[in-house]
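Data block below; observations after.
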Amino acid sequence: MADPFKELLLLRHAKSDWKDPELPDRERPISDKGKKSVCKIAAWLDQQQLWPDAVWVSSAKRAQQTLKRLQLPKTIPVETVDALYLADTERLESLLANFPAQTQRLLWVGHNPGFEQFLARLIGSDAAALGHNKPFPTATLAHLLLPEKALQAPQASARLLHYVRPKDLKKTDHA
């Protein structure tokens, strides 16, 4: 029998570099601080053995670079999903409805404010209730458990298993 639950990992891209104000938003890379932050998240994922079965990543350069810094095993399928670029809650809900049947744990690498609002919708509260001034800072990871039936109607249906901000983690050797 299939597992009645799915897991969704929401990873906001690492801090972007604003040195070149002429650079189009989609082309902004991650900053040095962002590189260090995502390495902390990668180490945490490895320690927890929470690697995804599949990854959907925004087409933005900063999201692509964030994913690369995670150093996922090469066997994990990765799909660039343009719809994740600056997606709003409604777009994220429609993407969730397309959660691959054969996938148990899916990682999305994307953006705010969409991720923050989507997280609030999924857990049924204001994301600010997580107790932080910035509810979904860069390179933050939310690990959610969703009943499979909630993929079609996700409002207040998820359980937040982990909420990990880089600043809450110790420095790693990878950074």
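The values are calculated or read from the model by the stated rules, or taken from the named source; none is laboratory data. Please read all numbers here as calculations on a predicted model, not as lab measurements. Cβ atoms come from the backbone with ideal geometry, glycine included; neighbour counts cover every protein chain shown. Note: accessible area is taken over every heavy atom of the protein model, side chains too, but ligands, DNA and RNA are not part of it. Shrake-Rupley method; radii C 1.70, N 1.55, O 1.52, S 1.80 Å.
Conditions (1) touching a strand residue (DSSP E or B) at 6+ places or on another chain (Cβ under 9 Å); (2) among the aromatic types (F, W, Y); (3) part of a helix (DSSP H, G or I), marked per residue:
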residue	(1), (2), (3)
K6	yes, no, no
K19	no, no, no
E22	no, no, no
Q47	no, no, yes
A63	yes, no, yes
T75	no, no, no
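Only one residue in A83, A97, A54 is touching a residue at least 12 places away in the same chain (Cβ under 8 Å), in contact with a Leu (Cβ under 7 Å, 6 or more places away or on another chain) and either at positive phi or open to solvent by 30 Å² or more (accessible area, probe 1.4 Å) (or both), so which one is that?
Within the list A83, A97, A54, the selection yields A97.
Please specify each residue of region 19-51 satisfying the condition of being within 19 Å of G110 (Cβ to Cβ), acidic (D, E) and out of contact with any Lys or Arg (no Cβ under 7 Å at 6 or more places or on another chain).
D25
From the list R91, R105, R121, exactly one residue is open to solvent by 40 Å² or more (accessible area, probe 1.4 Å) and within 25 Å of K40 (Cβ to Cβ). Which is it?
R105
Scanning region 7-34 for residues that are basic (K, R) and closer than 25 Å to A54 by Cα, which turns out nearest to the chain's Cα centre (by Cα)?
For region 7-34, the residue satisfying everything is R12.
Filter region 24-33 for residues that are basic (K, R) and not in a loop (DSSP other than H, G, I, E, B); which is least open to solvent (accessible area, probe 1.4 Å)?
Selected residue: R26.
Pick out the one residue from L141, L92, L70 that is within 17 Å of G34 (Cβ to Cβ), touching a helix residue (DSSP H, G or I) at 6+ places or on another chain (Cβ under 6 Å), without any contact (Cβ under 8 Å) to a residue 60 or more places away in the chain and aliphatic (A, V, I, L, M). Steps first, answer last, please.
Details: L141 fails: without any contact (Cβ under 8 Å) to a residue 60 or more places away in the chain; L92 fails: within 17 Å of G34 (Cβ to Cβ).
The unique qualifying residue is L70.
Mind checking which residues of region 97-112 are of a type in the set (A, V, I, L, M) and modelled with pLDDT under 95?
Matches in region 97-112: A97, A101.
Starting from residues that are open to solvent by 70 Å² or more (accessible area, probe 1.4 Å) and under 28 Å from T103 (Cα atoms), keep the ones in region 127-152 and report whichever is modelled with the highest pLDDT.
Among those residues, the one meeting the criterion is E148.
Criterion first (surrounded by fewer than 19 Cβ atoms within 10 Å (Cβ to Cβ), modelled with pLDDT under 95 and farther than 23 Å from Q155 by Cα) does W18 satisfy it?
yes
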